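Note sheet for the following structure.
The values are calculated or read from the model by the stated rules, or taken from the named source; none is laboratory data. All values reported here derive from a predicted model rather than from experimental measurement. When we count neighbours, we look across all protein chains shown, and the Cβ atoms used for this are built from the backbone with ideal geometry, even at glycine. Heavy atoms of the whole protein, side chains included, go into the accessibility calculation; ligands, DNA and RNA do not. Shrake-Rupley method; radii C 1.70, N 1.55, O 1.52, S 1.80 Å.
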Amino acid sequence: MTRELSYAQAVGEATVQALEADERVFVYGIGVDDPKAIFGTTKEAARRFGPSRVFDTPASENALTGLAIGAALGGLRPVLVHARNDFLYYCMDQLANHAAKWHAMFGGVMRAPIVVRAIVGKGWGQGAQHSQSLQALFAHLPGIQVAVPATPYDAKGVFLQAVSGNAPVVIIEHRRLHDVKAAVPEERYTVRPGQGAVVRKGKDVTIVAVSLMVSEALAAAEALKARRIDAEIVDPRWVKPLDKALILKSLKKTGRLVVLDTSWKTCGVSAEIAALAAEEGFSYLKAPVARVALPDYPAPTSAALEPLFYPGTREIVAAVERTLGRKVGRKVASSGPRQEAYIGPF
Amino acid sequence: MIDCSGRPAALLKDLFTRMTLIREAEEKIAALYPEQEMRCPTHLSIGQEAIPAAVCANLRKDDTVFLTHRCHAGYIAKGGDLNKMIAELYGKATGCTKGRGGSMHLVDPQAGLMGTSALLAASIPIACGSAFAFKQQKQDGVAVCFFGDAAVEEGTFSESLNLAALWSLPVVFVCENNGLSTCTPISRRQPSIPIAGRAEAAGIPAQALDGNDVLAVYDAASKAVARARQGRGPSFLECATYRWREHVGPNFDWDMGYRSEAEVRRWMAADPIKRFEAGLDAAGALPKEQRRLIREGILEKVEAAVAFAKKSPFPGSLDLEGAKA
């Protein structure tokens, strides 16, 4: 049966179902069973399964990640939760040097399937150290899978995939998506690694977007429709492995590519997808690829500066118009008003 | 003098065999390394054999061990396959990681050798996770983590001790304190406080030991392992020892100037194996002739492992069976 759930509720339901289905699963991290329960996502799991399987931890992110690896080697299925991506830097040694390597470095005889959830903040002055979106950092590392779910359906599906797969998985959630509601099946299902989705069919331009930028792309598609531009939107859902075939198939159809990312432009996911088009889809391209991503700057906090930092509908429409050789600069609504609707503290 | 009187003959033989196998395998590696066929950074434990031998003699096959870049000794002591280890040093397809890990990344899950890390302190939290898995699944296994004195300086060390103490994990921390981090003496890296004291401060029972006294380490490890197995939590052993050879490679390195030849010679004179043998002689245990036979058997085993490695094929592809995660 399908009903409407918020993205946060979908993550919460996936967590409960994983704990229910497999006694090897445990969920831990700073605050998972505190009154806030990671924006509510671990509340029901903590209530139902108690402190032996859902538990709070000391502030020791790197050791907690190492603990996940060791627990996985011992047959468990750890799920380590971080309220913000920014804390993942503490874990880089265990994630990059260890979890990512444990399978190949030991000749394929070992596996360390761990699941790491980490949430991206945006707006209300989250600033430089509470808003980073680190999918590219982890996608760079062979041996780690990276999911960037954009919908409640995908949030549940990638989680259930991650806790049943064989590889370490980093799931990048977006705080600005947590309250978004959509249809989610009650039963368990998975979204396979490397399985992207076409979220809007169109013929004029392919917009590849991840995480929060999928909803930005959908909003922009409406503005583009008013300009008689029919955009196709592709959500890869995983940036590693990446659904290259789906992206190339859409590019072949439209001949134009705009890539949207929630993170920095330089050496990011948008660069990787643009490179894919250059290497494997060059003959399809009717115009240079355009990218809409963050400038090389740490996130500012002032409400006056955030709209200058985060691209929205206006920038996406302009990028699409560039690929179509249209004159850019006609005024479109920015995503500012929607940001205003989201207030803190959070 | 190591007092061997009243000890079971089987235990003395077991410890002597483990130490001698480590020594002879590593002496062989040192002798062959200049042929330049073992093309990987190789860190020898010669002079430090008593610690892994004594600790692992207390472990069951299903207990887990986590090691560092200097991992041959622990691998051998825990019962890792010698042929696969030597083949790995030669980069062969028959090596324990099929040419992916080399000397610094030995593994043998059948023997409970669950992984090694070349990064300081990094295997400490992983060992805690292995201990957590035992505890969570109500198994009475014990996880053991070996690391050097410089690992203590890493933040992960402190984080991990806190976790182990807080969650009463069945883990034994074994610090092989050889007083050196590559060429830097401990006096330039740490204030002069005992490493064991750091563990005590974290709430973990700790003991500072002569790491070259195989029976002292054996007794302390025996208590620590029993404590963990009974569900009474972690323990910490700081074992003083000394590395004879250079940090990485087969040579003596007193010409480098960071330590004197006299200092190395002093420690070589106090060879942990010779000290143990003197104790055996004094107690009339494990007679010389028996030791000679054991050593002969070990030399044959080492020769066979080298022959196996040399004749093994190289891997031909990066593809791993099931490598696609």
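Shielding value for A:73-79 is 6, the average number of Cβ atoms from other chains within 10 Å of each residue's Cβ. One Cα centroid belongs to region B:57-78, the other to region B:1-56; the line between them spans 12 Å.
Calculated mean residue ellipticity at 222 nm for the protein assembly as shown: -11500 deg cm²/dmol, from DSSP H runs with n ≥ 4 weighted as -39500 (n - 2.57), summed, divided by the residue count and rounded to 500. Amide H contacts under 5 Å for residue A:120: A:85, A:173, A:174, A:175, restricted to partners 5 or more places along the chain or on a different chain, H placed in the peptide plane at 1.01 Å from N. Around the Cα centre of region A:197-323, unit charges on the Cβ atoms of Lys, Arg, Asp and Glu (plus for the first two, minus for the last two) sum to a dipole of about 520 debye.
Think of each Lys and Arg Cβ as +1 and each Asp and Glu Cβ as -1; about the Cα centre, that makes the dipole of chain B roughly 560 debye. Our coupling estimate for region B:8-15, obtained by passing each phi through the Karplus curve with A = 6.51, B = -1.76, C = 1.60 and θ = phi - 60°, is x, 4, 5, 5, 4, 5, 4, 5 Hz, Gly and Pro reported as x. Centre-to-centre separation between the Cα atoms of region A:52-82 and those of region A:226-298: 35 Å. Residues whose amide H lies under 5 Å from that of residue A:294, counting only those 5 or more places away or on a different chain, are A:263, A:264, A:265; hydrogens are built 1.01 Å from N in the peptide plane.
The Cα center of region B:161-222 and the Cα center of region A:1-38 differ in position by 39 Å. Mind checking which of A:183, A:83, A:147 has the largest fluctuation in a GNM of chain A, springs on alpha carbons under 10 Å? Fluctuation is largest for A:183. Legend: mean number of C-beta atoms from other chains within 10 angstrom of residue C-beta atoms, peptide A:91-101, equals 3.
As I understand it, the dipole of chain B uses +1 on the Cβ of Lys and Arg and -1 on the Cβ of Asp and Glu, about the Cα centre. Which of B:235, B:250, B:214 lies farthest toward its positive end? Result: B:235, furthest along the dipole toward the positive end. Derived scalar couplings between HN and Hα for region B:157-163 equal 4, 5, 4, 5, 4, 4, 4 Hz in order, rounded to whole Hz, by the Karplus curve 6.51 cos²θ - 1.76 cosθ + 1.60 (θ = phi - 60°), x for Gly and Pro. Taking every C-alpha pair closer than 8 Å and separated by at least 6 residues, the mean separation divided by the residue count of region A:197-323 gives a relative contact order of 28 percent. Computed from phi, the 3J(HN,Hα) profile of region B:281-287 under the Karplus parametrisation 6.51, -1.76, 1.60 (θ = phi - 60°) reads 4, 4, 8, x, 9, 5, x Hz, with x in place of Gly and Pro. Partner shielding of B:129-141 amounts to 6, given as the average count of beta-carbon atoms from other chains within 10 Å of each residue beta-carbon.
Annotation: the antiparallel percentage among DSSP beta bridges lying fully within region A:197-323 is about 25.
For the listed residue pairs A:240/B:84; A:253/A:327; A:156/B:138; A:122/A:327, the alpha carbons are over 27 angstrom apart in A:240/B:84; A:156/B:138; A:122/A:327.
Sorting the segments B:148-157, B:79-88 by their residues' average number of neighbouring beta-carbon atoms within 10 angstrom, most packed first, yields B:79-88, B:148-157. Going by accessible surface with a 1.4 Å probe and the largest first, A:242, B:163 read A:242, B:163. Interface area, chains B and A: about 2700 Å² of buried accessible surface, summed, with a 1.4 Å probe and ligands, DNA and RNA left out.
Each peptide in B:166-172, B:38-44 gets a packing score, the mean of other Cβ atoms within 10 Å over its residues, and the list from highest to lowest is B:166-172, B:38-44. The alpha-carbon of residue B:288 sits under 19 angstrom from the alpha-carbons of these aspartates and glutamates, leaving out residues fewer than 8 places away in its chain: B:3, B:14, B:24, B:271, B:277, B:296, B:300. Here's how it looks for residue A:194: its modeled amide H is under 5 Å from those of A:238, which are all 5 or more places away or on a different chain.
With every protein chain left in place, what is the accessible area of residue B:13 in Å² (1.4 Å probe, nearest 10)? Here the accessible area works out near 100 Å². Give me the percent of the accessible area of region B:9-317 that comes from carbon and sulfur atoms, probe 1.4 Å, all protein chains in place. Exposed carbon and sulfur together represent 53 percent of the surface. Checking the a/c ratio against 1.5 first, then a/b against b/c, what shape does the Cα gyration tensor give for region B:9-317? Note, shape of region B:9-317 comes out rounded.
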